[in-house]
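Trainee: Got a structure for you, questions after.
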Amino acid sequence: GRLAILGMGYIGLPTAVVLATRGVEVIGVDINPRIVEAVSRGEVPFVEPDLAIAVSGAVAMGRLKATSETPEADAYIIAVPTPFNGDHTADLSYVQAAAEQIAPRLRQGNIVVLESTSPPGTTARIAEWIGALRPDLKMPHDGEPNADVFIAHCPERVLPGRIMIEMITNDRVVGGLTRRCAERAASIYRVFAQGEILLTDAASAEMAKLVENAYRDVNIAFANELSMISEALHIDVWEVIKLANRHPRVNILTPGPGVGGHCIPVDPWFIISAAPHISPLIRAARNVNDSIPHHIADQVAAKAQRFRSPTIACLGLTYKANVDDIRESPAIEVVQLIAKALPEVDILVCDPFVDTVPKTLADLANVKLEGVHQAVDRADIVVLLVEHEPFKAIRHTRLGGKVAYDTRGVWR
Ligand code: SAJ
């Protein structure tokens, strides 16, 4: 059969290529013409291990094509962004637009799967949006087992940096608007998934995905709070967590400069905004993690007091190690906060994955992009913000005589 994937981003493109590699005819759809052109040439517009070679292969074999027009297909996967609005509710406009592009093409027996992380109830709304445009088709819902089309939610769960591995090996949750919807949607994932495929209802699948990321956020917030407490008590938090984690039922994650990316800082809010008065823990974790860049910037500013006109090197700008993604990066927030607090101080930033000054730092006159060795050598204070491989290898001799502030615990 033929399958169309709407959204050629971090999820849509890897999913497309994995299906194409297994013989499915895949059409990738994106509203951004530059992405369509890049994919059509067999290129990947972002960095992800092993993805580029798979895409160029699938395009060369003619199994993967890209276009800006939603084509007719047997199945559709929606993998568009679900950012949040200013009030922390989900912006479903991309999902709705995708559903409305699919609607006129739908035929009896077609499958529509939502992969985008979405608040509870979104899959049911897709049926409403499509149903409004296609009164001729029977939409699936509780009282209607014999629908004309099948609609389900199969949340993506791959870890950036390991997408091509986890896409194949992870278990998948498939939640249908009816049981039959879940079964039909699961048939797509059986083509490539080696993990188990767990069938459920759509709202449970939506909630399970949000819970996975909220769980990680709460655990990291716990680690970050322990880091601040330990710092105040002059105890080494890394040692404490290492020891505590040797208990068979304790598994605390790693403190850092805050929590970034486009998922973990966003998804917990979809739970909070669905149940605002009964989610104090999830909200507190969000607030703790959001406060960390301020705490780090304050600590660095205090250290800078010791120097007459210090130079500060900030190592790392991406939201985590070994990716080129700077969305919601706590490292960038730390740099912004330091640069604004210390406008007279030179701040040298470096990142092996970033080759131009990011827009969000461009208007700060005292921030300059530098090579790592130049930055470290010139600096009085070196702040490690992302544990990229080359930074881990920086020798203690190179840091000698400087103040080193390691937010990731890799130089200890
Ligand atoms: N971080 C820490 N300490 C840790 C782990 C992470 O400070 O111990 C920070 C990272 O530096 C980064 C942020 O948290 O700033 C998020 O990084 P991450 O590696 O935890 O997660 P993401 O955002 O790259 O991917 C997550 C994954 N979710 C879970 O592991 C539960 C991934 O499986 C999801 O598919 C993805 O969100 C998503 O798209 O929802």
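The values are calculated or read from the model by the stated rules, or taken from the named source; none is laboratory data. Here the structure is a predicted model, which means the values were calculated and not measured. Glycine also receives a Cβ, built like all others from the backbone with ideal geometry; neighbour counts cover every protein chain displayed.
Trainee: Given the options Ile27, Ile31, Ile5, name the one that is buried (at least 21 other Cβ atoms within 10 Å of the Cβ) and either more than 23 Å from Glu166 (Cβ to Cβ) or touching an Asp or Glu at 6+ places or on another chain (Cβ under 6 Å) (or both). Don't jump to the end; show me each part of the working.
Mentor: Values: Ile31 fails: buried (at least 21 other Cβ atoms within 10 Å of the Cβ); Ile5 fails: either more than 23 Å from Glu166 (Cβ to Cβ) or touching an Asp or Glu at 6+ places or on another chain (Cβ under 6 Å) (or both).
Residue meeting the stated conditions: Ile27.
Trainee: How about region 356-366: which of its residues are in a loop (DSSP other than H, G, I, E, B), more than 16 Å from the ligand (Cβ to nearest atom) and either surrounded by 15 or more Cβ atoms within 10 Å (Cβ to Cβ) or of a type outside the set (Asp, Glu) (or both)?
Mentor: The answer is Thr356, Val357, Leu364, Ala365, Asn366.
So that you can scan it fast, the table gives a plain yes or no per residue for (1) more than 16 Å from the ligand (Cβ to nearest atom); (2) assigned by TED's automatic domain parsing to the domain that holds Gly261; (3) part of a strand (DSSP E or B):
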residue	(1), (2), (3)
Cys314	no, yes, yes
Tyr319	no, yes, no
Asp324	no, yes, no
Glu333	no, yes, no
Lys340	yes, yes, no
Val354	no, yes, no
Lys368	yes, yes, yes
Gln374	yes, yes, no
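Trainee: Considering only region 1-43, state which residues are of a type in the set (Asp, Glu) and assigned to a helix (DSSP H, G or I).
Mentor: Let us first name the residues in region 1-43 that are of a type in the set (Asp, Glu), namely 25, 30, 37, 43.
Within region 1-43, Glu37 is the sole residue that qualifies.
Trainee: Related question: So which pairs qualify, if the first residue must be in region 141-164 and farther than 15 Å from Val112 by Cβ and not assigned by TED's automatic domain parsing to the domain that holds Asp267, the second must be basic (Lys, Arg) and within 9 Å of the ligand (Cβ to nearest atom), the Cβ gap must be under 9 Å, and the two must be at least 6 apart or on different chains?
Mentor: Close Cβ pairs satisfying both conditions: Glu156/Lys209; Arg157/Lys209; Pro160/Lys320; Gly161/Lys320.
Trainee: Report yes if Ile271 is more than 28 Å from Gly401 (Cβ to Cβ), β-branched (Val, Ile, Thr) and in the same structural domain as Asp355 (by TED's automatic domain parsing), otherwise no. Before the answer, list the steps.
Mentor: Numbers: more than 28 Å from Gly401 (Cβ to Cβ): yes; β-branched (Val, Ile, Thr): yes; in the same structural domain as Asp355 (by TED's automatic domain parsing): yes.
Here the answer is yes, as Ile271 does meet what is asked.
Trainee: Among (1) within 30 Å of Thr318 (Cβ to Cβ); (2) touching a residue at least 12 places away in the same chain (Cβ under 8 Å); (3) out of contact with any Asp or Glu (no Cβ under 8 Å at 6 or more places or on another chain), which single condition is Met61 missing?
Mentor: (1)
Trainee: When only residues in region 170-210 that are closer than 15 Å to Val158 by Cα and part of a helix (DSSP H, G or I) count, which is nearest to the ligand (Cβ to nearest atom)?
Mentor: Among residues in region 170-210 that are closer than 15 Å to Val158 by Cα and part of a helix (DSSP H, G or I), the one nearest to the ligand (Cβ to nearest atom) is Lys209.
Trainee: What number of residues within region 246-289 are more than 12 Å from the ligand (Cβ to nearest atom), free of Cβ contacts under 8 Å to residues at least 60 places away in the same chain and not in a loop (DSSP other than H, G, I, E, B)?
Mentor: Qualifying residue count, region 246-289: 6.
Trainee: Among the candidates Pro135, Pro104, Pro120, single out the residue that is out of contact with any Leu (no Cβ under 9 Å at 6 or more places or on another chain) and in the same structural domain as Met167 (by TED's automatic domain parsing).
Mentor: Result: Pro135 is the single residue among Pro135, Pro104, Pro120 that is out of contact with any Leu (no Cβ under 9 Å at 6 or more places or on another chain) and in the same structural domain as Met167 (by TED's automatic domain parsing).
Trainee: I need the full set of residues from region 378-412 which are over 30 Å from the mean Cα position of the chain (by Cα) and either buried (at least 16 other Cβ atoms within 10 Å of the Cβ) or assigned to a loop (DSSP other than H, G, I, E, B) (or both), in order please.
Mentor: Residues satisfying the conditions are Ala379, Asp380, Ile381, Arg395, Leu399, Gly400, Gly401, Lys402, Val403.
Trainee: Looking at Ala341, Ala313 in this structure, which one is surrounded by fewer than 21 Cβ atoms within 10 Å (Cβ to Cβ), closer than 26 Å to Val288 by Cα, at pLDDT 95 or above and among the aliphatic types (A, V, I, L, M)?
Mentor: Being surrounded by fewer than 21 Cβ atoms within 10 Å (Cβ to Cβ), closer than 26 Å to Val288 by Cα, at pLDDT 95 or above and among the aliphatic types (A, V, I, L, M) holds for just one of Ala341, Ala313, which is Ala341.
Trainee: Where residues in region 143-159 are among the aliphatic types (A, V, I, L, M) and part of a loop (DSSP other than H, G, I, E, B), which of them is farthest from the ligand (Cβ to nearest atom)?
Mentor: Among residues in region 143-159 that are among the aliphatic types (A, V, I, L, M) and part of a loop (DSSP other than H, G, I, E, B), the one farthest from the ligand (Cβ to nearest atom) is Ala147.
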